[in-house]
Amino acid sequence: MGAVALVRARRCAGRGRTGATVALALGPLCMVGGIINWALADGGLGTGNGVVAGGMSLALGLTATVLGGLALARTRRSTEAPTH
């Protein structure tokens, strides 16, 4: 979602803002889910307890948050009027 918002922020000023907001809202939620999964997992890698899934959730949440923030910053820059 963050990558899509980043691309749309460049193409259509104003439309990428919704995707950026969604990525900024769901990214931290995904990271919290990954941390909780890691904290509650009993075994290690390859045991089927979801340790790898928790790590991937943490990484994807961080990526969505960063890309959503970049897209939101880009939409703010594109909607500002130049001051001459």
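The values are calculated or read from the model by the stated rules, or taken from the named source; none is laboratory data. All figures in this text were calculated on a predicted structure; none of them were measured in a lab. For neighbour counting, all protein chains shown are included, and Cβ atoms are generated from backbone atoms with ideal geometry for every residue, glycine included.
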* **Single match in Ala25, Ala39, Ala81 (criterion: over 13 Å from the mean Cα position of the chain (by Cα), modelled with pLDDT of 80 or more and loosely packed, with under 15 Cβ neighbours inside 10 Å)** => Ala39
* To do: Run Arg8 past the list (1) surrounded by fewer than 18 Cβ atoms within 10 Å (Cβ to Cβ); (2) at pLDDT below 80; (3) not polar (S, T, N, Q) and report the number of the one that doesn't hold.
  => (1)
* Residues (within 24 Å of Thr75 (Cα to Cα) and aliphatic (A, V, I, L, M)) located in the stretch 22-36 -> Val22, Ala23, Leu24, Ala25, Leu26, Leu29
